[in-house]
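Please read the structure below before turning to the comments.
Throughout, read-outs are computed from the coordinates displayed, never taken from laboratory work. These numbers come from a predicted model, not from an experiment. Neighbour counts are summed over all protein chains in view; Cβ atoms, including those assigned to glycine, are modelled from backbone coordinates with ideal geometry.
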Amino acid sequence: MTERVIDRPRSRGFLFLDSHPAGCRQLVSDMWEAVPAPATPPPADGPVALVIGSSAGYGLAATLAGLKRAGIRGIGVCFEKPGSARRTATAGWYRTAATAELAREAGRDMVFLNGDAFSDALKEQVADLVAERFGGKLDHLIYSVAAPRRTDPETGTTYASVLQPIGAASRTRTLVFDGEGAPEVKEVRTAPATEEDIAQTVAVMGGADWERWIDHLAGRGLLAEGFSTAALSYIGSSLTEAIYRKGTIGAAKAHLEGTARTLDKRLSELVGGRAVTSVNGAAVTQSSTAIPGIALYVGLLRGVLGAQLVPPTAQLSELWDQLTGARPLDLDAEGRVRLDGWELTPQVQAAVAERWQRATTENIAELADLDWFHGEVHRLYGFAVPGVDYAAPVATEVAWPQEPA
Ligand SMILES: NC(=O)c1ccc[n+]([C@@H]2O[C@H](COP(=O)([O-])OP(=O)(O)OC[C@H]3O[C@@H](n4cnc5c(N)ncnc54)[C@H](O)[C@@H]3O)[C@@H](O)[C@H]2O)c1
């Protein structure tokens, strides 16, 4: 197998063309270490869970926290590309290989499927696995997909999501880095979405596919008594609301939250189950860095909060505690689990807003934690991970995890 040195990633903005296998592995291992161990070691035949979107961001945190803290076994689903002698795999491919290894070491039976979660074929494959390998009953489902497109299996129509305001154009300040890593604060204008754009975004990022998963599994009689499911959502700050919560993606999140209410009722009647959304805090992920203004916002948020910024693993450990009953389910007036309290306190928001107004290319290094933000973007692809020797050659072809016997 060929090995090569990948010491400098090639990138276009926040999008990297390479990822680093050893860096991705170390990052996953660091995330695992950051998950607080449970008070008593979980039994080997822990709850059976399905995590959709398991290779990155919040879904990866859900998988790692689920395995270590809640003692889950089950299935992770994601959409990644393999490497070749010339190209690296996507970072999520390497992270999945590393996650599978940790699951194996911890004695957890965890199977990872690479494919389109929106398809019926994958739903059927997962249902077969639950039926044949995991005792025929699923206890939990975490829905953490972020995707630009979705093909509806019913109609064959492909929908594309956009990140645009609704009603009027919005101007937002945003943070970019040049090829040398020098920061620039810019203003960008985004035109308002059409009705069609809104409908398409809702069709991709709203609750339709989550509901389809639940219906598919329920139709096969695979939901355990007391089954619970959570889909991830975001509200965020008034600084980003024109593009986020009041924009097309916010319309999709409102739809997702509406779906939770429908599913909650259905599941309660069917298996005494629950469906909730989990509102999480801002995090640097491949999806979030694509949203205009979010880079500046998260950089300033970290500038204000420093190490008090709560990482996804800590938030998802709390979510598992609530889903498994280790702690009571704590819902807001809209029926949502809120894991974003630390981000949205009036003091934190006022401090971020004050810096947001003042931010310029010249002073941004004092107001935002740029080293952290720049590092986080690199870590999404396995670069800038402490302890990794980037001068050492690495194999880019890593096998997809085999199902443990
Ligand atoms: N990043 C944030 O700041 C933030 C905050 C709160 C909530 N959330 C929510 O968390 C969820 C996940 O977002 P993220 O930022 O962690 O995204 P991410 O880009 O880090 O991860 C997306 C995951 O979805 C998977 N995926 C994409 N298309 C797929 C497909 N067709 N089939 C199977 N898997 C597919 C990817 O492989 C990956 O595992 C979203 O609902 C998002 O709104 C994100």
Burial-style ranking of 283-291, 240-248, average other-beta-carbon count within 10 Å with highest first, yields 240-248, 283-291
Measuring from its Cα centre, segment 201-274 shows a charge dipole (+1 at each Lys and Arg Cβ, -1 at each Asp and Glu Cβ) which, in debye to the nearest 20, is 120 debye
For the chain the mean separation of alpha carbon contacts under 8 Å (6+ apart) over residue count, i.e. relative contact order in percent, is 24 percent
With the charge dipole of the chain built from beta-carbon charges (+1 for Lys and Arg, -1 for Asp and Glu) about the Cα centre, the Cα from 272, 289, 255 projecting farthest to the positive end belongs to 289
Listed by chain and number, the lysines with an alpha carbon less than 21 angstrom from that of residue 123, same-chain partners under 8 positions apart left out, are 81, 137
Note on the chain, DSSP bridge orientation, antiparallel percent to nearest 5 equals 40 percent
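Any idea what the relative contact order of segment 1-93 is, in percent, if you count C-alpha pairs under 8 Å spaced at least 6 apart?
This gives 28 percent for segment 1-93.
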Going residue by residue through segment 382-398, the Karplus relation 6.51 cos²θ - 1.76 cosθ + 1.60 with θ = phi - 60° gives ³J(HN,Hα) values, rounded to whole Hz and with x marking Gly or Pro, of x, 9, 6, 8, x, x, 9, 8, 6, 8, 7, x, 10, 7, 8, 8, 10
Under 5 Å from the placed amide H of residue 19, counting only residues 5+ away or on other chains, we find 88
For residue 186, counting only lysines whose alpha-carbon sits under 23 Å away and dropping same-chain residues fewer than eight positions off, the answer is 246
Per the helix-only model, the chain has a calculated mean residue ellipticity at 222 nm (DSSP H runs of ≥4, -39500 (n - 2.57) each, divided over all residues, rounded to the nearest 500) of -11500 deg cm²/dmol
About its Cα centre, segment 86-166 carries a charge dipole, from +1 on Lys and Arg Cβ atoms and -1 on Asp and Glu Cβ atoms, whose size in debye to the nearest 20 is 420 debye
With x for Gly and Pro, the residue-by-residue ³J(HN,Hα) of segment 333-341, computed from phi through the Karplus equation 6.51 cos²θ - 1.76 cosθ + 1.60 at θ = phi - 60° and given in whole Hz, is 4, 8, x, 10, 6, 10, 10, 10, x
Across 95, 87, 274, the residue with the highest GNM fluctuation in the chain (Cα network, 10 Å cutoff) is 87
For segment 139-270, averaging the sequence separation of alpha carbon pairs under 8 Å that lie six or more residues apart and dividing by its residue count, the contact order in percent is 32 percent
Over its alpha-carbon atoms, segment 331-405 yields an Rg and a Dmax in Å of 20.2, 58
Between the residues 375, 240, 311, the Cα farthest towards the positive end of the dipole of segment 240-378, that dipole coming from +1 and -1 charges on the beta-carbon of Lys, Arg, Asp and Glu, is from 240
In whole Hz, the Karplus estimates of ³J(HN,Hα) for segment 221-232 (6.51, -1.76, 1.60; θ = phi - 60°; x where Gly or Pro) are x, 9, 8, 6, 4, x, 3, 10, 9, 9, 10, 7
Ranked output for segments 136-148, 120-132 by mean other Cβ atoms within 10 Å, highest leading, reads 136-148, 120-132
Checked against the positive end of the charge dipole of segment 272-405 (+1 on Cβ of Lys and Arg, -1 on Cβ of Asp and Glu, about the Cα centre), the farthest of 300, 365, 347 is 347
In whole angstrom, the spacing between the Cα centers of segment 91-154 and segment 246-322 equals 20 Å
Here the tail fraction of P(r) beyond 41 Å, over all Cα-Cα pairs of the chain, rounds in percent to 11 percent
The size of the Cβ-based charge dipole (Lys, Arg +1; Asp, Glu -1) of the chain about the Cα centre, to the nearest 20 debye, is 200 debye
